[in-house]
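Following: one structure in C-alpha cells, then a few remarks.
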Amino acid sequence: MAVLTASQAPAAVSAGAAALARKAAPAEHGPSVSGDTPYRTGLPPLRTRGKGPAREATGGGALPATVFAAYRRAEEELARSAPGCRLRWQLLAAIGQVESGQAWGGRVTPDGTTVTPILGPRLTGGAFAAVADTDGGAYDGDAVYDRAVGPMQFIPSTWARWGADGNGDGRADPDNVYDAALAAGRYLCAGGRDLSDPADLDRAILGYNHSDAYLDTVKAWYAYYLTGHRVVPDASGGSRSDRPAPARPKRPKPSPSKPSDDRKPTPGPSRTPSAPPASPSPGPSRTASVPKASPTPPVPVPEPTLTLPGGGVLPGTGPLTIGNG
C-alpha cells in the first residue's frame, strides 16, 4: 500500500494505535455507513515521471469535474462548521473512488444528481450486514431490506441521521454527489475527530466499512490524491439531458432534400436573378452568344434557344451539410 507523505500520513501511527482504531470503530458506531457492502478494491495506478498516455481514465484516478467540485465544496463547508476536524477533500475523493468509482465516472446531471441510481446489494446478511428495511423503500426502492444508495453509498438508516443538503436545493438526496459528499464529511468529522490524527482517521474510515482491507484501500487512494490529481469532464453518454441539443442546430440537413421549399431563398432566387438578366434582354444575350456559337459547328441557331445561362440548370449544387459525426 502507498504511504501518505503529507502531515496526515497514516504511517506515523503505531501498529498498536491502528489496532485500537480498528477495534473501537465498530463498537462506537454500530452499523457502518455502507452496511459493509462490497466495494472497489482496485488500487491507484503507480505514478511515473514520464508523461505517457493517461491511465487516469476515471477507473485510474481522474476526478470528474462535478464530483470534484462537490468534494471541494464539502471541504469548505466543514472548514467553517468543524474547523478542528481538518477534513481534506482528498479523503472524500478516496472514499468516493472506492465506493462508486466517482459516481460511475461522473455520470451526473449538472446539479450533481446521478443519472441512474447507484445501489448496493440487498443487505440480507451473509457476506455483509443484515439490515431490514428502514425507509419503506423511499431511497433504495426496496421495502424489505435496505440497500446502500448513491455515490457515497449510504444505507437509508445512516442517511436519516447524517443526510445533508450540499447543493442548496432545499432537500437532502443521497443520490446527489454534493449532498452525499457533505454528509460523508459530517460523518467523518463526528465526535470531535481530528483527521490529522492517524488514529482518528482510521476510526472514521472504519466507520464506513468494518474491514481492514477497506481501510487499507481507502488510505492508498487518499495517499494518491494527496500527491496530485487530474480533473476531467463528466462522463457523457446521456449524463446530460441537454447533450442532444447540438444536433438541433444542424437541422439544415433535411433542407437540401427540399430545395424547392426551405432552400428557395438561398439557392433559387440568388442564382436565378443573376441569370435572368440575360434572358429578358434577348438582344444582348444573343449577340453575346452568337459570336460564341459562330466558331462552333455550322448550326449556331439552336444554341441560343436552349438559354443555358438563364435556364438555371445548375441549382443542383446546394450547400453541403456536415453530420454530427
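The values are calculated or read from the model by the stated rules, or taken from the named source; none is laboratory data. Predicted model only: the values in this text are computed from it and were never measured. All Cβ positions, glycine included, derive from the backbone under ideal geometry; neighbour counts span all protein chains shown. Keep in mind that these areas ignore ligands, DNA and RNA; they rest on the heavy atoms of the full protein, side chains included. Shrake-Rupley method; radii C 1.70, N 1.55, O 1.52, S 1.80 Å.
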Would you list the helices (runs of 4 or more DSSP H) that sit entirely within the stretch 140-216 and hold 3 or more residues that are under 23 Å from the mean Cα position of the chain (by Cα) and of a type outside the set (A, V, I, L, M)?
-> 177-188
What is the one condition in (1) touching a Ser or Thr at 6+ places or on another chain (Cβ under 8 Å); (2) modelled with pLDDT of 95 or more that ASP36 does not satisfy?
-> (2)
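Condition check ((1) outside any loop (DSSP other than H, G, I, E, B); (2) modelled with pLDDT of 95 or more) across all residues:
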site	(1), (2)
GLY52	no, no
ARG55	no, no
GLY59	yes, no
PHE68	yes, yes
ARG72	yes, yes
GLU75	yes, yes
ARG80	yes, yes
GLY84	yes, yes
LEU87	no, yes
Look through the stretch 138-155, keep the residues that are among the small types (Gly, Ala, Ser) and on the phi > 0 side of the Ramachandran plot, and return whichever of them is surrounded by the most Cβ atoms within 10 Å (Cβ to Cβ).
-> GLY150
Please indicate, with yes or no, whether at least one residue in the stretch 102-114 is open to solvent by 70 Å² or more (accessible area, probe 1.4 Å) and out of contact with any strand residue (DSSP E or B) (no Cβ under 9 Å at 6 or more places or on another chain).
-> yes
Being among the small types (Gly, Ala, Ser) and under 21 Å from PRO44 (Cβ atoms) is the filter here, so list the residues in the stretch 97-132 that pass it.
-> SER100, GLY101, ALA103, GLY105, GLY106
Subset of the stretch 119-137 [surrounded by 14 or more Cβ atoms within 10 Å (Cβ to Cβ) and farther than 15 Å from GLY35 by Cα] = GLY137
Just one of (1) at pLDDT below 55; (2) aliphatic (A, V, I, L, M); (3) in contact with an Asp or Glu (Cβ under 9 Å, 6 or more places away or on another chain) trips up VAL3, so point out which.
-> (3)
